[in-house]
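Below is one structure; the comments refer to it alone.
Only the coordinates and a few stated rules stand behind these numbers; no lab work does. These numbers were taken from a predicted model, which means no experiment stands behind them. Don't worry about glycine lacking a Cβ; one is built from the backbone with ideal geometry, like all the others, and counts go over all protein chains shown.
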Amino acid sequence: MAAGSAHLLSIGLGLFFCTTGLPKLFSFIPAHKVLKDEFVKFSTVFPLKPLGVVPNPTLYMYAVGVVEFGAGVMLGMGSPDQQVASAVVLLGVMVGAIQTLLSLGRATTECIPAAVCLSLLGLFLFQGL
């Protein structure tokens, strides 16, 4: 992949994750209420639940929002090392999103956005191989 297309991919993915993180952080955005209700369900299938870790749904939502927004900013505007680090973090977030949706018994079609993001992050990380 050419350097220019990798740069555009990092900016595009960074903007995407910034815009997906914002509704989780600010209650004046209309999607906030829907996400708050969803995170109540998401916290019931938290991956560390078998170890006794059950997060507060509101704090869980804010934590995911902060990670998505912060990593999105780093992916879009950071140095190459910061971009790689943020892409790895976001890769983990997308794997967690897919695991959560499948654990809730949702249709596999609901996993498509996370799978596309996962693929694009993988493309960005392994562009030189």
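Tabulated data
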quantity: Where Leu59 falls short, out of the listed (1) in contact (Cβ under 8 Å) with a residue 24 or more places away in the chain; (2) surrounded by fewer than 14 Cβ atoms within 10 Å (Cβ to Cβ); calculated: (1)
quantity: Failed item, numbered, when Ala6 is tested on (1) closer than 25 Å to Gln99 by Cα; (2) of a type in the set (A, V, I, L, M, F, W, C); (3) surrounded by 13 or more Cβ atoms within 10 Å (Cβ to Cβ); calculated: (1)
quantity: Subset of region 83-129 (residues that are of a type in the set (D, E, K, R) and either in a loop (DSSP other than H, G, I, E, B) or touching a residue at least 12 places away in the same chain (Cβ under 8 Å) (or both)); calculated: Arg106
quantity: Residues located in region 7-37, provided they are over 15 Å from Glu68 (Cα atoms) and in contact (Cβ under 8 Å) with a residue 24 or more places away in the chain; calculated: Leu9, Lys36
quantity: Residue in region 1-43 that is nearest to the chain's Cα centre (by Cα), counting only those that are assigned to a helix (DSSP H, G or I) and hydroxyl-bearing (Ser, Thr, Tyr); calculated: Thr20
